[in-house]
Structure formats: C-alpha cells, structure tokens
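Here's the structure we're looking at; comments come further down.
The values are calculated or read from the model by the stated rules, or taken from the named source; none is laboratory data. Owing to the predicted nature of the structure, the values given are computational and were not obtained by experimental measurement. Glycine gets a Cβ as well: all are built from the backbone with ideal geometry, and neighbour counts include every protein chain shown.
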Amino acid sequence: MRLTTLLAAVLAVAAALSGCDQPAEPAAAPRFEDELRLRLETATTGDVITVPEGTFHFKRSLTLNTDGVTIRGAGMDKSILSFKGQVAGAEGLLVNANDFTIEDLAIEDTVGDALKINEGRNIIVRRVRTEWTNGPSTDNGAYGIYPVQTENTLIDGSVAIGASDAGIYVGQSRNVIVRNSRAEYNVAGIEIENTVHADVYDNIAMNNTGGILVFNMPDLPQAGHSTRIYNNRIFDNNTPNFGVPGSAVAGIPAGSGVVINSNDKVEIFNNTIGNNQTANVLISSYFSANYAGQRELAEAFDPYPETIYIYGNSFSDGGGSPDREALEAVRLLMYGEAGHFPDIVWDGVQNPEKLGAEFAICVDNGAAEILNVDGQHNYANPSVDMSLHDCEHQKLGAVVLATL
C-alpha cells in the first residue's frame, strides 16, 4: 500500500472513532404551551398548575374539565397567555369545573371570550387580567372574565380591557362578589345579568360605554334580583359603543355610569360617580332598549325595574351630552343648551299593576334628582317630581360566599 493511501485510511479510522465519543444532540425541550395544554387535559383534583413568567402563544383554545384545580401565574403583567393569531376555539380558556381558582396571570387577544367558566361552584378569579391590546374594536372578543351559571363566585383584584360586550360579566349565577377590580375601554365595564345576590364594590369602572350594568334579559333560566353596587368609582364612561350590532349591549348609550335594566331590588350607594355624559345613573325597562320588540316576551319575564334604592352617592358633572337623539331633545327642552340632566334618569315605564311604594325607585341622596323622561309616551311630558321617590326600602344583606 502506498504511504499516502495508508495515511488516509488511518485518518479515516481515527475520525470515525473520535465521532463515537461525541455526545448526541440533546432533544429539544418541550414548549411550555404544549406542557400547559397537557397539564390541563390530564389534571387531577388538587393539582396546582404553575404558569412561569413570560409570554406564551396559543393558536387553539385551552380547556379544563377537572374539579379542584388551581392555575397560578407569576403576576398579571408577568405570566401572559397570548392568543393573538388564534385559529381554533371559541375562548382562550374554557373551564367546566367546580372548586376552581385562577390567579396572577393575563389572557390576551382571544378570538372569542377570554376566560369562560361554565356551571361551576366555588370559583375564584384573583388578580387576572383580560385584554385586547389593540384597543376598543367590534372585532374583539365579547367577554373578558365570564362566569356563567355559577354559584359562590369571587372576582377580586382583576382587570378587564377592550371587550366588545362586557369586561367582567357574571350571568345566571347565585352568590357573587366582584371587588377591587378595574374595567376599562369595554362596552360594558362590569355587568351583572340574571343573577341572584351580587355585591359589586371597591371597583373602578372608567372609559367604558357603560360603567356598571345590572340587567335582566328574557329567555334565560332565571331572573336576577338583589344586587348591591357600592364604594365604586364610576367615571368618564363615554367611549363610543363598539358592540356587535343587534347585541343587547349595542343599545347602551355612550356616557352611562350605572345602568339598571329590568332588574329588581338593586341598591346603589356610597359610590363616586361622575362625568358620564348621558347619565350618571340610567334606569330603564326592557321596552326602552334598542333591542326591545325584536321578540315576544315570555309571560313570566318582568320587564320593569322595581324596588330600586339610591343613597349616599357622590355625583358630579354628568348628563351634559346624551347619546340618543330623543334624550338630547329632552335635555334641550328641560335644561337648555348649556344645561345637563339630573344625576338619575329614568324612562318612566312602570307596571300598572305595581305602582305602590314597595316597587318604587327610592332616592335619599342629598340634592340628587331623578328625571322621568316619559319614555312610555314617546318623551312627551318629561318631569321631575321627587315626592314620588321620597321613600326607602329595607336594605339588602351582604353576600356571603359559602366555603370560600
């Protein structure tokens, strides 16, 4: 063998032997997105699923169907579940479970609802942020924090921004507390709908179309009543309505502070309410909303707001530019070009079979007045008569959340 051929063969063998000593390429670490999906799908009762600091991107909805699970992040501005570019699923996170806690994280830019919790008991949503980061848009998902048909629900220290329906919505539920939270740049900031026993307090509702709403809607499993709205700051809710046309919230006038529609036994007290340019407080029947008349009402549905008690609030600077032609015409007629509505505006529509003090709108709020715009007669005879509202109702008790 020639020397050069022998040398080449020796070098080839040496290279092959040295290659045997090289460590194999390490397997790629699993993506946290895949790990989280697996943890949710295989969770067992008692699991605590931790979301580390960082922004994690998802193309499909996440679902949890196991009772007794906690999802915990590092902070609502540190642990972010982003659904920007989502291609599948109606929610960001859908929870069908009892005894569920979620805390210290954010859910951003979902195609549909951000966090939906369906038919659960003993629910805690603590320090959770839901947001559509492009700002108000009809293309945003409908609901931010969205418990529906739940019992014993606490929403605490949370933030909801940019929902095209409601930032914080609790519907068809029982025993609810919403506190220490902020709702901003939603169509409805905080909405309590068809819910029995809710306390909404120590929140900020600002820059929404409507700040805090208490609604009853027809064709739902239960009627709501007994809601207390207190110690909140409700101001500057003048964002133009960007709700989906035909939806219930698309009928909310921009500039609405607190809106009560067709709901009973509602207390509004000790709030700071100001600069809501349709009305600081707006009280209406189902018949005065834009969606009224689109369907027949079930015989059992009560479309009138009754047994409302307003006291001890601090009002300022509202009602100067109502977001409805008919209301603006009433303002000009009653108060002139530079004038503004009183702090409470009522459509005046009443059940003719329930005209007694038991069903009245009672106002004990210093100089605050209530304007009856006479919606029942096409706004023909608006008036202020505080003698009809010089009354009081038995105050509601605090909501107590069993086992929480």
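General observations
- Single condition residue 366 does not satisfy, out of (1) closer than 26 Å to residue 265 by Cβ; (2) surrounded by 14 or more Cβ atoms within 10 Å (Cβ to Cβ); (3) at pLDDT 95 or above: (2)
- Selection within the stretch 148-173 - more than 18 Å from residue 248 (Cα to Cα) and either among the basic types (Lys, Arg) or part of a strand (DSSP E or B) (or both): 151, 152, 153, 154, 155, 156, 159, 160, 161
- If the condition is being in a strand (DSSP E or B) and closer than 17 Å to residue 325 by Cα, then the stretch 270-290 contributes 279, 282, 284.
For (1) within 30 Å of residue 134 (Cα to Cα); (2) modelled with pLDDT of 95 or more; (3) among the charged types (D, E, K, R), each residue gets a yes or a no:
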{"site": "1", "(1), (2), (3)": "no, no, no"}
{"site": "13", "(1), (2), (3)": "no, no, no"}
{"site": "26", "(1), (2), (3)": "no, no, no"}
{"site": "35", "(1), (2), (3)": "yes, yes, yes"}
{"site": "46", "(1), (2), (3)": "no, yes, no"}
{"site": "61", "(1), (2), (3)": "yes, yes, no"}
{"site": "93", "(1), (2), (3)": "yes, yes, no"}
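- Residue match in the stretch 331-346 (condition: modelled with pLDDT under 95 and surrounded by 24 or more Cβ atoms within 10 Å (Cβ to Cβ)): no
- Taken over the stretch 39-60, the residue count meeting the criterion of being part of a helix (DSSP H, G or I) and surrounded by fewer than 11 Cβ atoms within 10 Å (Cβ to Cβ) is 0.
- Selection within the stretch 324-346 - out of contact with any His (no Cβ under 8 Å at 6 or more places or on another chain) and of a type in the set (D, E, K, R): 324, 325, 328, 337, 343
- Number of positions in the stretch 311-323 that are surrounded by 18 or more Cβ atoms within 10 Å (Cβ to Cβ) and either touching a helix residue (DSSP H, G or I) at 6+ places or on another chain (Cβ under 6 Å) or assigned to a loop (DSSP other than H, G, I, E, B) (or both): 5
- In the stretch 114-132, the residues that are part of a strand (DSSP E or B) form Cβ pairs under 9 Å with partners that are modelled with pLDDT under 95 and among the β-branched types (Val, Ile, Thr), at six or more places apart or across chains, as follows: 121/403; 122/403.
- Figure legend. Inter-residue proximity from the stretch 311-329: first residues closer than 30 Å to residue 395 by Cβ, second residues crowded, with 18+ Cβ neighbours inside 10 Å and of a type in the set (Ser, Thr, Tyr), beta-carbon distance below 9 Å, spacing 6+ or different chains. Indicated pairs: 318/278; 319/278.
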